[in-house]
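The structure appears below as C-alpha coordinates.
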Amino acid sequence: MDNRFKHHPPQSDATIDKHQAARVAADSFFNTIEAVASLSSREKSLAITKVEEAMFWLNADIARNQ
(Lines give C-alpha, C1' and ligand atoms only; values in the text may rest on other atoms or scores of the structure.)
Protein backbone atom coordinates (compact mmCIF):
# COMPACT_ATOMS: atom_id res chain seq x y z
CA MET A 1 0.00 0.00 0.00
CA ASP A 2 1.24 3.46 -0.83
CA ASN A 3 2.62 5.45 2.12
CA ARG A 4 0.03 8.19 1.51
CA PHE A 5 -2.83 5.89 2.51
CA LYS A 6 -1.36 4.29 5.63
CA HIS A 7 -2.00 5.30 9.20
CA HIS A 8 1.00 7.13 10.66
CA PRO A 9 0.81 7.09 14.46
CA PRO A 10 3.27 9.42 16.19
CA GLN A 11 6.57 7.70 16.82
CA SER A 12 7.85 10.16 19.42
CA ASP A 13 6.94 13.05 21.65
CA ALA A 14 8.74 15.32 19.19
CA THR A 15 6.25 14.34 16.49
CA ILE A 16 3.34 15.07 18.82
CA ASP A 17 4.90 18.46 19.61
CA LYS A 18 5.16 19.26 15.89
CA HIS A 19 1.47 18.46 15.36
CA GLN A 20 0.60 20.67 18.34
CA ALA A 21 2.73 23.51 16.94
CA ALA A 22 0.86 23.24 13.63
CA ARG A 23 -2.49 23.47 15.45
CA VAL A 24 -1.35 26.48 17.49
CA ALA A 25 -0.11 28.30 14.38
CA ALA A 26 -3.31 27.56 12.45
CA ASP A 27 -5.45 28.71 15.38
CA SER A 28 -3.44 31.91 15.68
CA PHE A 29 -3.85 32.70 11.98
CA PHE A 30 -7.57 31.84 12.17
CA ASN A 31 -7.94 34.30 15.04
CA THR A 32 -6.16 36.96 12.98
CA ILE A 33 -8.56 36.37 10.10
CA GLU A 34 -11.52 36.64 12.49
CA ALA A 35 -10.19 39.93 13.89
CA VAL A 36 -9.31 41.56 10.57
CA ALA A 37 -11.78 40.29 7.97
CA SER A 38 -15.30 41.53 7.46
CA LEU A 39 -18.08 39.76 9.32
CA SER A 40 -19.04 37.47 6.48
CA SER A 41 -17.55 37.27 3.03
CA ARG A 42 -16.54 34.74 0.44
CA GLU A 43 -12.94 35.93 0.77
CA LYS A 44 -12.95 35.33 4.52
CA SER A 45 -14.39 31.85 4.04
CA LEU A 46 -11.72 31.04 1.47
CA ALA A 47 -8.96 32.33 3.74
CA ILE A 48 -10.18 30.08 6.56
CA THR A 49 -10.40 27.11 4.18
CA LYS A 50 -6.81 27.72 3.08
CA VAL A 51 -5.65 27.73 6.72
CA GLU A 52 -7.42 24.40 7.20
CA GLU A 53 -5.75 23.03 4.06
CA ALA A 54 -2.33 24.27 5.16
CA MET A 55 -2.73 22.59 8.54
CA PHE A 56 -3.89 19.38 6.84
CA TRP A 57 -0.87 19.25 4.52
CA LEU A 58 1.59 20.19 7.25
CA ASN A 59 0.22 17.44 9.49
CA ALA A 60 0.45 14.99 6.58
CA ASP A 61 4.10 15.95 6.09
CA ILE A 62 4.85 15.55 9.78
CA ALA A 63 3.14 12.16 9.96
CA ARG A 64 4.54 10.73 6.73
CA ASN A 65 8.12 11.89 7.22
CA GLN A 66 8.76 11.38 10.93
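The values are calculated or read from the model by the stated rules, or taken from the named source; none is laboratory data. Quick caveat, the model's predicted, so the values are computed rather than measured. As a convention, Cβ positions derive from the backbone with ideal geometry for all residues, glycine included, and neighbour counts pool all protein chains shown. Note: areas computed on protein heavy atoms with side chains; ligands, DNA, RNA excluded. Shrake-Rupley method; radii C 1.70, N 1.55, O 1.52, S 1.80 Å.
Some observations on this one:
- The portion of the accessible surface of the chain made up by carbon and sulfur, rounded to a whole percent, is 58 (1.4 Å probe; DNA, RNA and ligands excluded).
- Computed with a 1.4 Å probe on the full set of protein chains, the accessible area for residue 43 sits at about 130 Å².
- Residue of 35, 25, 54 that the Gaussian network model of the chain assigns the largest fluctuation, springs spanning Cα pairs under 10 Å: 35
- FRET efficiency, 1/(1 + (r/R0)^6) with R0 30 Å, evaluated for residue 4 and residue 39 via beta carbons: 0.20
- Based on C-alpha pairs under 8 angstrom that are at least 6 apart in sequence, the chain has a relative contact order of 54 percent.
- Crossing angle, helix 13-36 versus the chain [Cα axis fit, 0-90 degrees, rounded to tens]: 10
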